[in-house]
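The values are calculated or read from the model by the stated rules, or taken from the named source; none is laboratory data. Since the model is a prediction, treat every value here as computed from it, not as a measurement. FYI the Cβ positions are ideal-geometry reconstructions off the backbone, even for glycines, and counts take in every protein chain you see. These accessible areas exclude ligands, DNA and RNA; they are computed on the full protein's heavy atoms, side chains included. Shrake-Rupley method; radii C 1.70, N 1.55, O 1.52, S 1.80 Å.
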Amino acid sequence: MTTHNPGPLRAVDVLVCGGGVAGTMAAVAAARQGASVMLVERYGFLGGNATGGAVAQFNSWQTASGRRVVAGLADEVVQRLRGYEAAGEHQVFVMSTGHRMDRVEYAPEVLKLVLDDMVTQAGVQPMLHASICDVVCEGGHIRAVHLLTKSGVIEVRPRMVIDTSGDIDVLHRAGARFLPLEEGEALQPATMMFCFGPIDFERFDAISPTELQTLARQGFQSGELARAALHSSRDPYSTDAWFNISRLGINATDATALSQAEIDGRRQAWRAAGYLKRAVPGCAGGRLRAFATQVGIRETRRVEGDHVLTAQELTQPVVFADGIACGAYPIDIHPASGGELVYAAMGDDHAYQIPLRSLIPTGLSNALVAGRGISATHAALAAIRVMTISMAVGQAAGIAAAMACEGGGEVDVRGVDPTRLRSTLVANGALVNA
C-alpha cells in the first residue's frame with residue numbers, strides 16, 4: 001500500500017511499465033487499436049537492452065531453413081531504421097562460438113529516434129525519467145500505480161497494466177507470484193556491451209570461424225576475456241562494432257550486486273578491448289569508444305502465469321489455440337561462470353509458439369506481462385528472451401490489453417477472445433502460426 005501522498009491523478013486505458021522494445025511495441029499496438037496509453041520509462045529514451053544495453057542486433061527472424069517466423073511491428077522497426085540509414089541487411093552468419101545465427105545489425109543510438117517516432121505518431125503518452133514507487137492492488141485488480149517523476153509523485157489509474165520492466169517490478173509490488181529456479185539452475189548472467197573501433201572489417205571479416213574460436217578461447221584462457229567469445233555487431237555504415245563478450249553472474253534485482261556489476265562490466269570491457277587491439281586481426285588500430293548505458297540483463301524474475309511455457313513445448317513443438325507469437329531462436333543458456341554456453345539448436349524448419357496464457361499472471365485480472373519476464377521455465381526463457389521475439393510478444397500484449405478495455409465495466413483480460421486476437425495480429429502483419 002502507499003506510504004506517501006500521491007500527486008496528480010491520471011486515468012488511462014493501458015499503462016505500459018518499461019520502455020524496452022517489448023514495452024514500446026505493446027504501447028504502440030494498444031494505441032493503434034484505439035486505447036489511451038501511457039508508457040513509463042526510467043531513462044530519457046526508449047529501447048531498454050536494444051538502446052541502453054546496446055545489444056545492436058535483432059536475432060532470429062527465421063528458421064534455419066529460412067522460413068520467416070517474426071514480422072509485424074518488429075519488421076516495421078527495421079524498416080524505419082533503414083529509413084534513417086541505421087540498419088544493415090538481414091544476414092546469416094557464424095558466431096565466434098561456432099553457432100549459426102541470423103540477424104539484422106542496427107545503430108542503437110538511432111533506434112532511440114525510431115521508437116520516439118513510433119510512440120509519438122501512435123498517440124502514446126510517454127512518461128520518461130519515471131520510476132515505479134507503489135502499486136495499489138485490491139482483490140486481484142491493480143487499482144493504481146504511483147510514479148516518481150521529476151514533477152513529483154503521479155498517481156495513474158489504469159484499466160489494464162502491461163509489465164514490460166524486465167524485472168517485473170510492477171507485478172512484484174502488486175503481490176504476483178513468480179517461478180523459482182529449479183535445482184541446478186542459475187540466473188543467466190548479464191553482459192556489458194562496449195563499442196570498439198575503428199576496425200579494418202576487410203581483415204576482421206576474413207577471420208575464419210575456426211580461427212575466431214581459437215582467438216576467443218586464447219583470450220579467455222589468458223584472463224583478458226570474461227568468456228570464450230568474440231561476438232560483435234557492426235554499427236551500420238561505420239568502422240565500429242559493439243562487442244558482446246563480458247560475463248557477470250548476478251541477480252540484477254539485488255541493488256548492491258547490480259551496482260557492482262556495472263563497475264565490473266566496464267573493467268571486463270576495458271580488458272577485452274586491450275585483447276582485441278593486441279591479438280585480433282583488423283583491430284590493431286582501434287580502441288574502446290563507448291560503454292553501454294547499462295549492463296544487459298538476460299534473466300531475473302519470471303512471473304507465474306496461467307500457463308508455464310516449457311522447453312519441451314518449444315522443442316516438440318506444441319500448437320496452442322491461443323498462440324500469439326512465434327520464434328525459432330535456440331535454447332541458449334549462458335552459465336553464470338566459465339567460458340562456454342549451452343546451445344541447443346532447433347531443426348532446419350523448426351519454430352514454436354508462445355500462448356497468450358503465458359502473458360497472464362495468476363491471481364490478477366487486469367495485467368499482462370511481455371518481454372523476458374513472461375511465464376516460462378528457465379530453459380524455455382533461454383529461447384524466447386531475445387528482442388525480436390519480445391517485440392512480437394509485446395505487440396500481442398498491446399492489442400490484447402486494448403481489446404480488454406473495449407466497452408465499460410471492470411476489465412478482465414481473460415475475457416479476450418484468442419481467436420479474435422490472433423486474427424487482429426495477422427491483419428497487422430504479425431505471424432502467429434509456427
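Per this entry, Arg68 is not counted among residues that are under 25 Å from Gly323 (Cβ atoms), touching a His at 6+ places or on another chain (Cβ under 8 Å) and touching a residue at least 40 places away in the same chain (Cβ under 8 Å). Restricting to region 152-161, name every residue that is out of contact with any Pro (no Cβ under 7 Å at 6 or more places or on another chain) and closer than 14 Å to Pro126 by Cα. Val156 - this is the single residue of region 152-161 that is out of contact with any Pro (no Cβ under 7 Å at 6 or more places or on another chain) and closer than 14 Å to Pro126 by Cα. As for region 359-377, it holds at least one residue that is in a helix (DSSP H, G or I) and either open to solvent by less than 10 Å² (accessible area, probe 1.4 Å) or under 17 Å from Asn433 (Cβ atoms) (or both). Taking region 7-42 as the search range and keeping residues that are assigned to a loop (DSSP other than H, G, I, E, B) and farther than 17 Å from Asp117 by Cβ, which one is most open to solvent (accessible area, probe 1.4 Å)? It comes out as Arg42. Whenever a residue of region 313-336 is free of Cβ contacts under 8 Å to residues at least 40 places away in the same chain, its partners that are assigned to a loop (DSSP other than H, G, I, E, B) and among the polar types (S, T, N, Q), lying with C-beta atoms within less than 9 angstrom and at least six residues away or across chains, give the pairs Val318/Thr310.
Considering Ala402, Ala382, Ala427, the condition of being of a type in the set (A, V, I, L, M, F, W, C), modelled with pLDDT of 95 or more and either surrounded by 24 or more Cβ atoms within 10 Å (Cβ to Cβ) or closer than 30 Å to Glu138 by Cβ (or both) is satisfied by Ala402 alone. Assessment of region 165-182 against the conditions (in a strand (DSSP E or B), farther than 18 Å from Tyr275 by Cα and modelled with pLDDT of 95 or more) yields at least one matching residue.
Sub-6 Å Cβ pairs linking a first residue in region 137-150 that is in contact (Cβ under 8 Å) with a residue 60 or more places away in the chain and closer than 16 Å to Ile162 by Cβ to a second residue that is open to solvent by 10 Å² or more (accessible area, probe 1.4 Å) and among the polar types (S, T, N, Q), at least 6 apart or interchain, are His141/Ser365, ordered by first then second residue.
Restricting attention to region 48-65, does a residue exist that is on the phi < 0 side of the Ramachandran plot and either of a type in the set (Lys, Arg) or free of Cβ contacts under 8 Å to residues at least 24 places away in the same chain (or both)? Checking region 48-65: not a single residue is on the phi < 0 side of the Ramachandran plot and either of a type in the set (Lys, Arg) or free of Cβ contacts under 8 Å to residues at least 24 places away in the same chain (or both). All conditions but one from (1) open to solvent by less than 10 Å² (accessible area, probe 1.4 Å); (2) over 30 Å from Ala27 (Cβ atoms); (3) within 23 Å of the chain's Cα centre (by Cα); (4) not hydroxyl-bearing (Ser, Thr, Tyr) apply to Glu185; the one that does not is (1). The combined condition, being touching a Leu at 6+ places or on another chain (Cβ under 8 Å), modelled with pLDDT of 95 or more and open to solvent by 40 Å² or more (accessible area, probe 1.4 Å), is fulfilled by Gln125.
One residue stands out among those in region 202-225 that are open to solvent by less than 30 Å² (accessible area, probe 1.4 Å) and not in a helix (DSSP H, G or I): the one that is nearest to His99 (Cα to Cα), which is Ile207. The residues of region 135-164 that are over 20 Å from Thr362 (Cα atoms) and not polar (S, T, N, Q), listed by number, are His146, Leu147, Leu148, Lys150, Gly152, Val153, Ile154, Glu155, Val156, Arg157. Condition first: out of contact with any helix residue (DSSP H, G or I) (no Cβ under 9 Å at 6 or more places or on another chain), within 30 Å of Thr239 (Cβ to Cβ), surrounded by fewer than 19 Cβ atoms within 10 Å (Cβ to Cβ) and among the hydrophobic types (A, V, I, L, M, F, W, C). Can you find one or more residues in region 304-323 that meet it? So far as region 304-323 goes, no, none of its residues is out of contact with any helix residue (DSSP H, G or I) (no Cβ under 9 Å at 6 or more places or on another chain), within 30 Å of Thr239 (Cβ to Cβ), surrounded by fewer than 19 Cβ atoms within 10 Å (Cβ to Cβ) and among the hydrophobic types (A, V, I, L, M, F, W, C). Restricting region 405-424 to residues that are in a loop (DSSP other than H, G, I, E, B) and open to solvent by less than 40 Å² (accessible area, probe 1.4 Å) leaves a set whose member that is nearest to Ile142 (Cα to Cα) is Val411.
This table checks each residue for (1) without any contact (Cβ under 8 Å) to a residue 60 or more places away in the chain; (2) over 17 Å from Ile199 (Cβ atoms).
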{"residue": "Ala229", "(1), (2)": "no, no"}
{"residue": "Ser233", "(1), (2)": "no, no"}
{"residue": "Trp242", "(1), (2)": "no, no"}
{"residue": "Leu248", "(1), (2)": "yes, yes"}
{"residue": "Ala252", "(1), (2)": "no, yes"}
{"residue": "Ala255", "(1), (2)": "yes, yes"}
{"residue": "Ala261", "(1), (2)": "no, yes"}
{"residue": "Ala273", "(1), (2)": "no, no"}
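Restricted to region 48-163, the set of strands (runs of 3 or more DSSP E) holding at least 1 residues that are closer than 24 Å to Gly373 by Cα comprises 57-59, 100-105, 125-127, 131-138, 141-149, 152-163.
Inside region 85-110, residues that are touching a helix residue (DSSP H, G or I) at 6+ places or on another chain (Cβ under 6 Å) and either farther than 21 Å from Ala228 by Cα or modelled with pLDDT of 95 or more (or both) make up a count of 4. For residues that are assigned to a loop (DSSP other than H, G, I, E, B) and touching a Phe, Trp or Tyr at 6+ places or on another chain (Cβ under 6 Å), tally how many sit in region 306-329. Selection size over region 306-329: 1.
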